[in-house]
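These notes are about the structure you will find just below.
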Amino acid sequence: MRHLLSLLDLSDEDFRKILARGIEHAGNRKLAPAALADRTVTLLFEKTSTRTRLSFSVAVMEMGGHLIALESQMLQVGRGESIEDTTEVLARYVDCVMVRTHSHRRLELMSGLNRIPVINGLSDRHHPCQGLADYMTIQEAGRDLKGLCIAFVGEPNNVFNSLALGALHSGSRIHLAAPDGYPIRPGIRDHLKKKNVHLEVFRDPAEAVKEADVIYTDTWVSMGQEEEAEERKAVFRPYRIDDELLSKARKDVMVMHCLPAHRGEEITDSVMDAHGPTIFKQAENRLHIQKAILEWIFGLI
Ligand code: CP
Ligand code: NVA
């Protein structure tokens, strides 16, 4: 049984296949209209979502499957039923569960039972579906992933972790610009080191973006960190993607954002508008890549 909790769950070949299949889906929305016939996919949300919710919903519909989208507060798990018992029950009704959760540990408990395929739709540690859509977007833009330099400016959180682990498969180089006190998780660092992925950490964002092919940012205040909002906005203020920072980068640099954007915080209106075609293509590609991920989960590719 396959699970996708992080990009460590994929082989290099899986990664390549999913990206290639995502690009095929992008070229034909009706590529596999019956691939999920007679299959039911459940989406379970402990946090809000626009892109993940909609892209999975439309992906399942366009592949002929059935979909049940649930908020955890609607279920007994929201008032204390164990995640293990909930998983056992889900396994008796549906064929796959995508979960967005505050705690990655819950995903490990669910997938550890091996009763139903589990897809991580964002946890406090990883956002693998986003990472796959992002590498697909870069590849679709005609860039060679191998040796490509991605400069992430901001907090090395879930989205950063998935981009960084993607580099294990893609051979891309990773730059991180982050303030003191926001280090890369040791586990992520170890995985990169083991496979000799080029990783450089900078305090100065201008240094990090100088040779970058891609500049990537994410919110300074992730879901669940709202209490630290004011402190974070002050600490991360020098890490805003604005025209001044872009003037230090290559002219053909791609600017990417997983969305939702907080215009005027991590990215200015001017940069968002100038790079909208890439950033909204990332959002669109969530749909095409979810289809490829579901096909992979069910062993169809
Ligand atoms: N990028 C992303 O996962 O967006 P949502 O939070 O809207 O799903
Ligand atoms: N780091 C953000 C990503 C949102 C898609 C969060 O966890 O809220």
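Hey, how many Å between the Cα centroid of region 93-172 and the Cα centroid of region 235-282?
What the calculation gives is 21 Å, centre to centre.
Give the aspartates and glutamates whose C-alpha is closer than 18 Å to that of Lys30, dropping any in the same chain fewer than 8 places away, or say none.
Straight-line reach from Lys30, under 18 Å: Asp38, Glu62, Glu284, Glu295.
In degrees, nearest 10, range 0 to 90: what is the angle between the Cα axis of helix 276-297 and the longest Cα principal axis of the chain?
30 degrees
When the helix-only estimate is applied to the chain (DSSP H runs of n ≥ 4, each -39,500 (n - 2.57), divided by the residue count), what is the mean residue ellipticity at 222 nm, nearest 500 deg cm²/dmol?
Computed ellipticity for the chain at 222 nm equals -13000 deg cm²/dmol.
At a Förster distance of 25 Å, what's the computed FRET efficiency of Glu71 paired with Glu231, Cβ-Cβ distance as r, to 0.05?
Plugging the Cβ-Cβ distance into 1/(1 + (r/R0)^6) gives 0.30.
So how far apart, in nm, are the two label points at Lys30 and Thr48 if each is 7 Å from Cα heading toward Cβ?
Each label point is offset 7 Å from its Cα along the Cβ direction, giving 3.7 nm.
Any idea what the dipole of region 4-148 comes to, in debye rounded to 20, about its Cα centre with Lys/Arg Cβ at +1 and Asp/Glu Cβ at -1?
300 debye
Just list whichever of Lys47/Lys291; Lys248/Lys291; Lys17/Lys281; Lys47/Lys195; Lys248/Lys281; Lys210/Lys281 have alpha carbons separated by over 28 Å in the model shown.
Lys248/Lys291; Lys47/Lys195
Find, to one decimal place in angstroms, the Kirkwood hydrodynamic radius of region 158-301, where the mean of 1/r is taken over every pair of different Cα atoms and then inverted.
Radius from the Kirkwood sum: 16.5 Å.
Report, in debye and to the nearest 20, how large the dipole of the chain comes out about its Cα centre when Lys and Arg carry +1 and Asp and Glu carry -1 on their Cβ.
The dipole of the chain has a size of about 680 debye.
Per residue of region 154-166, what does 6.51 cos²θ - 1.76 cosθ + 1.60 with θ = phi - 60° give for ³J(HN,Hα)? Whole Hz please, x for Gly and Pro, Karplus curve as stated.
Here the 3J(HN,Hα) series is x, 7, x, 9, 3, 5, 4, 4, 6, 4, 5, 5, x Hz.
Quick one: Val255, Val197, Val153, fewest Cβ neighbours within 10 Å first, how do they rank?
Final ranking by Cβ density, sparse to dense: Val197, Val255, Val153.
At a threshold of 8 angstrom on Cα-Cα distance, excluding pairs fewer than six apart, so keeping six or more, what relative contact order does the chain reach in percent?
21 percent
Using the charge dipole of the chain (Lys, Arg: +1 at Cβ; Asp, Glu: -1 at Cβ; taken about the Cα centre), state which of Leu300, Thr40, Gly22 has its Cα farthest towards the positive end.
Of the listed residues, the answer is Leu300.
Calculate the tail of P(r) for the chain: the fraction of all Cα-Cα distances greater than 38 Å, expressed in %.
Summing the P(r) of the chain above 38 Å gives 10 percent of all pairs.
Let me spell out the model: positive unit charges on the Cβ of Lys and Arg, negative unit charges on the Cβ of Asp and Glu, origin at the Cα centre of region 216-301. What dipole size does that give, in debye rounded to 20?
Magnitude of the dipole: close to 420 debye.
Collect residues whose amide H, placed 1.01 Å from N in the peptide plane, falls under 5 Å from the amide H of Tyr216; neighbours closer than 5 in sequence don't count.
Ala151, Phe152, Val153, Met256
By how many nm would the segment from Glu88 to Glu284 lengthen if fully extended, with 0.36 nm per residue of separation less the alpha-carbon distance?
Value of the extension gain: 67.3 nm.
Using Cα pairs under 8 angstrom and six or more residues apart, how large is the relative contact order of region 54-142, in percent?
Value for region 54-142: 19 percent.
Put +1 on the Cβ of every Lys and Arg and -1 on every Asp and Glu Cβ in region 90-162; which of Gly112, His127, Val99 then has its Cα farthest towards the positive end of the dipole?
Most positive-ward Cα: Gly112.
Shape call for region 101-234 from the C-alpha gyration tensor, a ≥ b ≥ c root eigenvalues: rounded (a/c under 1.5), prolate (a/b greater than b/c) or oblate?
In terms of gyration-tensor shape, oblate.
Provide the per-residue ³J(HN,Hα) series for region 194-204, in order, calculated from phi with Karplus coefficients 6.51, -1.76, 1.60 and θ = phi - 60°, each as a whole number of Hz, with x at glycine and proline positions.
Values, residue by residue: 4, 9, 6, 6, 6, 9, 10, 10, 10, 8, 8 Hz.
Compare the Cα positions of Phe202, Leu192, Ile215 along the charge dipole of region 187-238 (+1 at Cβ of Lys, Arg; -1 at Cβ of Asp, Glu; about the Cα centre) and return the one farthest towards the positive end.
It is Leu192, whose Cα lies furthest towards the positive end.
For region 4-9, in order, what is each residue's ³J(HN,Hα) by Karplus, 6.51 cos²θ - 1.76 cosθ + 1.60 with θ = phi - 60°, in whole Hz (x at glycine and Pro)?
Listing the rounded values in order: 10, 9, 8, 6, 6, 7 Hz.
Values in this text are rule-based calculations from the coordinates and carry no lab data. This is a predicted model, so every value here is computed, not measured. Positions of Cβ are backbone-derived with ideal geometry, glycine not excepted, and every protein chain shown enters the neighbour counts.
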